[in-house]
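Presented below is the structure to which this report refers.
The values are calculated or read from the model by the stated rules, or taken from the named source; none is laboratory data. Everything numeric here is computed off the predicted structure, so don't read it as measured data. Note: ideal-geometry Cβ built from the backbone for every residue, glycine included; neighbour counts use all protein chains shown.
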Ligand code: ADP
Ligand code: MG
């Protein structure tokens, strides 16, 4: 009932429409994807740096999902994102482990924990929780970024996601390297990230 009431509120409807409106970027090849992801990484780093300065009582978190078919470029985009955030090591696809964890120093003050999930192989939506992977969502220890491939496999067991990024092959007869990248903010936090992207990125 509470939900129905709030949905009838015209201001809230307007806000929901604004939040749900996706931005779409066309990346003609992998280096274009890398450039776009670099801008996104800067926006994410700025978000965590600003949150650390504000000295909030609970750690800053950002939950980002990556959706799209197999081979669309979700893991590739994650590799570029981690690299742009400053991670120099190898980024393994978490297809078998469900989750890989990284620690990235954004500055001498901010150490970011990154959890890269790939839920593709899960047989049931609760498997990631049964594997003990709830902590970054329920009890984050410091600034935390979660990147989730195949969130649809978890159905309704994930908490609200701030940003949803959809990668698709483009129907380009000349090249199979072109991708469309659609970004949608699902929370005000996600919206703040989108708004801080340079206009050249969008
Ligand atoms: P997913 O994780 O979505 O299943 P991967 O990232 O593992 O996909 O694979 C995507 C493949 O497509 C990689 O081999 C990557 O090099 C290639 N690729 C070609 N063009 C692009 C592009 N524009 N953006 C991202 N990946 C691309
Ligand atoms: Mg993948």
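Annotations for the structure displayed:
- Residue in the range 35-54 that is farther than 22 Å from residue 200 by Cβ and within 16 Å of ligand 1 (Cβ to nearest atom) present: no
- Residue count, the range 77-109 (criterion: within 19 Å of residue 45 (Cα to Cα) and modelled with pLDDT of 95 or more): 20
- Per-region count, the range 110-123, residues within 14 Å of ligand 1 (Cβ to nearest atom) and under 19 Å from the mean Cα position of the chain (by Cα): 5
- Just one of (1) buried (at least 16 other Cβ atoms within 10 Å of the Cβ); (2) under 22 Å from residue 192 (Cβ atoms); (3) more than 15 Å from ligand 1 (Cβ to nearest atom) fails for residue 107. It is (1).
For every residue, the table says whether it meets (1) part of a strand (DSSP E or B); (2) out of contact with any helix residue (DSSP H, G or I) (no Cβ under 8 Å at 6 or more places or on another chain); (3) within 20 Å of residue 150 (Cβ to Cβ); (4) within 16 Å of ligand 2 (Cβ to nearest atom).
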{"site": "33", "(1), (2), (3), (4)": "no, no, yes, yes"}
{"site": "40", "(1), (2), (3), (4)": "no, no, yes, no"}
{"site": "49", "(1), (2), (3), (4)": "no, yes, no, no"}
{"site": "66", "(1), (2), (3), (4)": "yes, no, yes, yes"}
{"site": "72", "(1), (2), (3), (4)": "no, yes, yes, yes"}
{"site": "75", "(1), (2), (3), (4)": "no, yes, yes, yes"}
{"site": "79", "(1), (2), (3), (4)": "no, yes, yes, yes"}
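- Of all residues in the range 110-155, exactly one satisfies the criterion of being within 16 Å of ligand 2 (Cβ to nearest atom), surrounded by fewer than 15 Cβ atoms within 10 Å (Cβ to Cβ) and farther than 22 Å from residue 91 by Cα, namely 152.
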